[in-house]
């Protein structure tokens, strides 16, 4: 398993627009359809990454809580499915149903959305305010597979609370660590 850090997109960056296939609802979704009244969380994940598997259960609970606070949540898989067929749309749908993902799980076949967000790893988190301006990017928390720390979402939840209260987030924003996005070679 590789240890790829996320890129730190500049705070204030406007969320890149997208239109992608949702493996859960079998329909096309756009950023405007998904965004929440108080903010939007865009996360890059995949089915097979041990770092994502490590947080999946907490991710379901966290996403439900965020949606109840008026924050839209969407997951995107951008991996090359020729080399990683377990991350294809059919497998994404089965995976989302098995885990009970309460959010759209979009397939970025061309990888253009991952590139627009400068996503580098799975999981990678991008929190945008109600105006779709970036307020947080990086890790969920300090937990990693095998380090014994609880998956509590502390870093992301602090950023959400600051955003909701319209306060500056003075905590350091640490890059996420995970498997690299599996880029197409041709």
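The values are calculated or read from the model by the stated rules, or taken from the named source; none is laboratory data. Everything numeric here is computed off the predicted structure, so don't read it as measured data. Counting neighbours? That spans all protein chains shown, and the Cβs are built from the backbone with ideal geometry, glycine included.
Some observations on this one:
- Restricting attention to the stretch 72-92, the residues being under 13 Å from the mean Cα position of the chain (by Cα) and under 22 Å from residue 175 (Cβ atoms) number 6.
- So residue 74, is it at pLDDT 95 or above, surrounded by 20 or more Cβ atoms within 10 Å (Cβ to Cβ) and either under 19 Å from residue 154 (Cβ atoms) or touching a strand residue (DSSP E or B) at 6+ places or on another chain (Cβ under 6 Å) (or both): yes
- Residues satisfying the stated conditions in the stretch 9-18, i.e. touching a strand residue (DSSP E or B) at 6+ places or on another chain (Cβ under 8 Å) and within 18 Å of residue 112 (Cα to Cα): 9, 13, 14, 15, 17, 18
- Some residue of the stretch 16-34 being closer than 16 Å to residue 137 by Cα, surrounded by fewer than 20 Cβ atoms within 10 Å (Cβ to Cβ) and touching a helix residue (DSSP H, G or I) at 6+ places or on another chain (Cβ under 9 Å): yes
- Among the conditions (1) modelled with pLDDT under 95; (2) under 13 Å from the mean Cα position of the chain (by Cα); (3) closer than 24 Å to residue 24 by Cα, residue 108 misses just one, which is (1).
- Some residue of the stretch 138-152 being closer than 22 Å to residue 33 by Cβ and in contact (Cβ under 8 Å) with a residue 60 or more places away in the chain: no
- Subset of the stretch 36-49 that is surrounded by fewer than 20 Cβ atoms within 10 Å (Cβ to Cβ) and modelled with pLDDT of 95 or more - its residue that is nearest to the chain's Cα centre (by Cα): 36
- Counting only residues that are under 16 Å from residue 127 (Cβ atoms) and either out of contact with any strand residue (DSSP E or B) (no Cβ under 6 Å at 6 or more places or on another chain) or assigned to a loop (DSSP other than H, G, I, E, B) (or both), the stretch 19-42 holds 5 of them.
- Cross-chain or 6+ apart pairs with Cβ under 6 Å, the stretch 47-63 first and closer than 19 Å to residue 86 by Cα, then surrounded by fewer than 16 Cβ atoms within 10 Å (Cβ to Cβ) and at pLDDT 95 or above: 56/99
- Selection count where residues are over 13 Å from the mean Cα position of the chain (by Cα), at pLDDT below 95 and at positive phi, scope the stretch 121-165: 2
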